[in-house]
């Protein structure tokens, strides 16, 4: 749609085809009114003012200087406004507009409306700039298509000529509201009526299209600008490159980047390079990103803290903390001071690469360098410490966080709560949960899921079910993970009826069971001796167009073998490739165990050989199952051969296997030859 509209804009001739009847009525009315004014009036309405006194001039100059200073606060701005309205004669509209513009930048939009009302009450007439400021306020509040256009109507009604800033503001407001099509229709009307669009107008449209994730339309508009020789700047390229990267069209972004260099019309700046580096890191092309860093430095475009931090973060996530620290050193040598994001990325990298002590040391270093950790930094470290089971240290760090004035967020409470749950300390976990609520944080689904999982692992299912009820009472919708955790927990304590009720209940609450839900319930039914019901549920997965994974097939094949249904299990095993699944070492081992336990050792040997032929390495479980089967059959020759093969591959005997061997060596009824062979193996 957007591309089609832009093609209409790019059609030959100065007059473009009119909009369809679906165009916004307010756009059409206002622009037709504007065309009438533009035809019948040559000069804009002017506001006559009385010559101001010297004190008034001084105040106007003060207002102008303070507005330009960049450090004007809301209280001072309001004080200056009050001084202006008390001045006699009343100053011109210009200092008022300057203050209104600054207050708008402070995002005090409703205050702007109030001040304009005050101006009107004492007879200060707004001009087109005042109205444009009002439109901007409505745009920022997401009301461009209603009040924004109503103010636009007032501009026309009062005989003012809306300027390009007014139109640009409306365009930007519509894009901010997500009304891309309406914005493009307004843009097309501007072009239709030969209203002057400057490079800012095109920049607003390009930015809007990029924010709307329509980078291809933005690129089409850029090509139109080139064709019409409309001024283009590097920021427009940057916006499109950034949008292409975010839309995972990094290669297209890279081509555009090379095009802007090859044309020799534009010199990429730090934003261009940083954007592309970020895009490459997003698609795991960190080496290409590092090459781009080298290229920009060779061109004497110095990376800033953002550029370095992007690369440090990507290297850490790629488990390349060594390279990340080299870049960290280069960063400092280049005079770029690492910020909290840089340090947090490095701490995270150290944590995920099991270097907790180094992470703690770096955490202390960043504080000594005057870089204060934020909530994300604390959360990263608390989570890593909890996973190591060092709960007291985690609690101390949490207390330090509060002492240093960093407010714990919901993630902080969740990771601390999860740490206590992992250690089975449910009372402490619940205390953290209650503390989070007392501090005014609303627990999210993750908070409840963590606590529910903890209670399930501690086999406190009534407490877990109570939390589910609390979620529903608090208007929080349990997700599939919530139900899966509870169903699995209920099955493990033998409460099948409740688990099956919950299975139905989740569907009644709009949560469709996924393959994990089915897997948990199927396993629970098998474990509790409900073979037929488990198989019926297994068949339902295919009816519901769910694809069982290798784990579920492993469970089903194991229980088929356990029930003595070897042939059915074998048939299912060999049907896996037709279901786009290749048997894993685990499934082979399960099938081999089934054959061994049912006295079909030849079938087990054949399957073991098949594994080897297909390049699926048998693991220690496979070897031990086969070895135990040979020993139980008193096939010492094959048993010793397996022992030798295990030695070659560095595979150890399990405790159960060793127990069988020791029993055979000690038993009186073991024949001498077998005993000697086994003894010879162990004394060699």
Out of (1) under 28 Å from residue 533 (Cα atoms); (2) over 27 Å from the mean Cα position of the chain (by Cα); (3) part of a helix (DSSP H, G or I), what's the single condition that is false for residue 494? (3)
Do we find a residue being in a loop (DSSP other than H, G, I, E, B) and either modelled with pLDDT of 95 or more or closer than 18 Å to residue 201 by Cβ (or both) anywhere in the stretch 93-104? no
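Here's the yes/no breakdown for (1) under 30 Å from residue 542 (Cβ atoms); (2) within 41 Å of the chain's Cα centre (by Cα):
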residue: 585; (1), (2): yes, yes
residue: 590; (1), (2): yes, yes
residue: 595; (1), (2): yes, no
residue: 646; (1), (2): no, no
residue: 665; (1), (2): no, no
residue: 673; (1), (2): no, no
residue: 676; (1), (2): no, no
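Just to be sure, is residue 552 outside the structural domain of residue 627 (by TED's automatic domain parsing), over 33 Å from the mean Cα position of the chain (by Cα) and crowded, with 20+ Cβ neighbours inside 10 Å? Working first, answer last.
Details: outside the structural domain of residue 627 (by TED's automatic domain parsing): yes; over 33 Å from the mean Cα position of the chain (by Cα): no; crowded, with 20+ Cβ neighbours inside 10 Å: yes.
Criteria not met by residue 552.
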Can you find a residue that is in contact with a helix residue (DSSP H, G or I) (Cβ under 7 Å, 6 or more places away or on another chain), within 21 Å of residue 547 (Cα to Cα) and not in a loop (DSSP other than H, G, I, E, B) anywhere in the stretch 503-512? yes
Please go through (1) assigned to a helix (DSSP H, G or I); (2) buried (at least 17 other Cβ atoms within 10 Å of the Cβ) for residue 146 and return the number of the only condition it doesn't satisfy. (2)
Answer yes or no: is there a residue in the stretch 93-103 that is more than 46 Å from the chain's Cα centre (by Cα) and in contact (Cβ under 8 Å) with a residue 12 or more places away in the chain. yes
If I filter the stretch 190-210 for residues that are at pLDDT below 95, in contact with a helix residue (DSSP H, G or I) (Cβ under 9 Å, 6 or more places away or on another chain), surrounded by fewer than 17 Cβ atoms within 10 Å (Cβ to Cβ) and in a helix (DSSP H, G or I), do I get at least one hit? yes
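Is it fair to say residue 384 is within 25 Å of residue 359 (Cβ to Cβ), out of contact with any strand residue (DSSP E or B) (no Cβ under 7 Å at 6 or more places or on another chain) and not in a loop (DSSP other than H, G, I, E, B)?
Details: within 25 Å of residue 359 (Cβ to Cβ): yes; out of contact with any strand residue (DSSP E or B) (no Cβ under 7 Å at 6 or more places or on another chain): yes; not in a loop (DSSP other than H, G, I, E, B): yes.
Criteria met by residue 384.
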Considering 207, 172, 216, which residue is more than 18 Å from residue 229 (Cα to Cα) and assigned by TED's automatic domain parsing to the domain that holds residue 144? 172
One residue is enough: does the stretch 249-257 have a residue meeting the conditions surrounded by fewer than 15 Cβ atoms within 10 Å (Cβ to Cβ) and within 23 Å of the chain's Cα centre (by Cα)? yes
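Within the stretch 260-279, can you find the residues that are assigned to a helix (DSSP H, G or I) and at pLDDT 90 or above?
Taking the stretch 260-279 as the starting set, the residues that turn out to be assigned to a helix (DSSP H, G or I) are 260-262, 270-279.
The answer is 270, 271, 272, 273, 274, 275, 276, 277, 278, 279.
Residue 224 - would you say it is crowded, with 22+ Cβ neighbours inside 10 Å and in contact (Cβ under 8 Å) with a residue 40 or more places away in the chain?
Details: crowded, with 22+ Cβ neighbours inside 10 Å: no; in contact (Cβ under 8 Å) with a residue 40 or more places away in the chain: yes.
So residue 224 fails the test.
The values are calculated or read from the model by the stated rules, or taken from the named source; none is laboratory data. Values in this document were obtained by computation on a predicted structure and should not be read as measured data. Methodologically, a virtual Cβ is constructed for each residue, glycine included, from the backbone with ideal geometry; neighbour enumeration extends over all protein chains shown.
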